[in-house]
Amino acid sequence: MIKSNLPVILLKGLVLLPHQEARIELNNDISKKVIDIAREYHNNEILIVTPLNVLEENPCIDDLPKIGVVGIIKSKIVLPNGATRVVIIGKKRVKVYSYVNYSNQKDVLESIVASIPVLEVDEIEETALLRTLINELDKYISINPYISNSILSQIKGITNLDKLTDMITSFLPLSFEKKLTFMLNTDHISRAKQLITEISIEKAVVELEKKIELELKQKLEDSQKEFILKEKIKLNYFLFLKKGFQ
């Protein structure tokens, strides 16, 4: 098992998954320093860690998760307001063995990490999950007018279930907590099964939303028709009275 050292950046309230690209604005000096260290000494590689408690201002090292994502810094721009905007692409999950202070930089966190061994799985089950996942995603996109179908072209031809689950997860409108759970789960078979469940839930929600919208529209139309009818009756009655006094 080969271990390596990587500087750490903590992303609160944001989950970066492998194969996902994220644009991040950094305002604090420590994060900017971590980016510079990664670019100068670590071949643009950095460990992205999402604290479990987003409300904790300064999380304790012991409370940080033992799973993180190695990210590649694609670009860095210093904005006019002094913030630093970086584009980071998730590369892979890694196991974190320890967090320590970076040498001569006590305010910078460093990690000792190693790759996670690939699980041996049943090829038939993996193929079945892959096909089911793509089919369910296709059905979900077809009924949701607010979701772009660009993901379908991005995942076309992908036969790696591990990669596929991460790409689809980053695409779906899941909560922060659910995405964090997926990121921390190193078992891609388990992730695929959970993802199929989540897509089924999203499909059911969309269908229910459409039903509610249709019912509300029908009620509104009925109310409008009733209002127009009442106004016509009032108008006819007024004309009748007016005619009677002539």
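Just so it is clear, none of the values below were taken in a lab; they were calculated from the coordinates. These numbers were taken from a predicted model, which means no experiment stands behind them. Here Cβ is always computed from backbone atoms with ideal geometry, including for glycine, and neighbour counts include all displayed protein chains.
Once the C-beta distance of S148 and N27 is scaled by a Förster radius of 22 Å, the resulting FRET efficiency is 0.15 to the nearest 0.05. Direction-averaged projected area, Cα convex hull, segment 1-40: 4.0 nm², rounded to one decimal. The charge dipole of segment 13-141, taken about its Cα centre with unit charges on the Cβ of Lys, Arg, Asp and Glu (plus for the first two, minus for the last two), comes to roughly 540 debye. Would you mind telling me which residue in I201, I168, I89 has the biggest mean-square fluctuation in a Gaussian network model of the chain, where springs connect alpha carbons within a distance under 10 angstrom? Residue with maximal mean-square fluctuation among I201, I168, I89: I201.
For segment 1-125, what is the relative contact order in percent, using Cα pairs closer than 8 Å and at least 6 residues apart in sequence?
RCO, segment 1-125: 32 percent.
Overall, the chain carries a charge dipole of about 1140 debye about its Cα centre when +1 sits on the Cβ of Lys and Arg and -1 on the Cβ of Asp and Glu, all other atoms neutral. Loop-located trypsin sites (Lys or Arg not before Pro) in segment 1-76 (DSSP state other than H, G, I, E, B) with a sparse environment of at most 15 neighbouring Cβ atoms within 10 Å: K12, K66.
Convex hull volume of the Cα atoms of segment 1-83, normalised per residue: 115 Å³.
Convex hull of alpha carbon positions in segment 51-122: directionally averaged projected area 7.5 nm². Computing FRET efficiency as 1/(1 + (r/R0)^6) for N135 and K232, where r is the C-beta to C-beta distance and R0 is 51 Å, gives about 0.45. Only helices enter the 222 nm calculation for the chain: every DSSP H run of n ≥ 4 contributes -39,500 (n - 2.57), and dividing by all residues gives -16500 deg cm²/dmol, rounded to 500. By the combined test of axial Cα extent (at least 20 Å) and Kyte-Doolittle hydropathy (mean at least -1.0), the qualifying DSSP H helices of the chain come to 123-143, 188-244. Length available on full extension from N58 to I72: 0.36 nm per residue minus the Cα-Cα distance, which gives 2.6 nm.
In the structure shown, the pairs K156/K210; K32/K178; K12/K193; K95/K178 are assessed against 24 Å; a Cα-Cα span above that value is assigned to K156/K210; K32/K178; K12/K193. The relative contact order of segment 27-91 comes to 29 percent, based on Cα pairs under 8 Å that sit 6 or more residues apart.
Restricting the calculation to Cα atoms, the chain shows an Rg/Rh of 1.24 when the hydrodynamic-style radius is the Kirkwood one.
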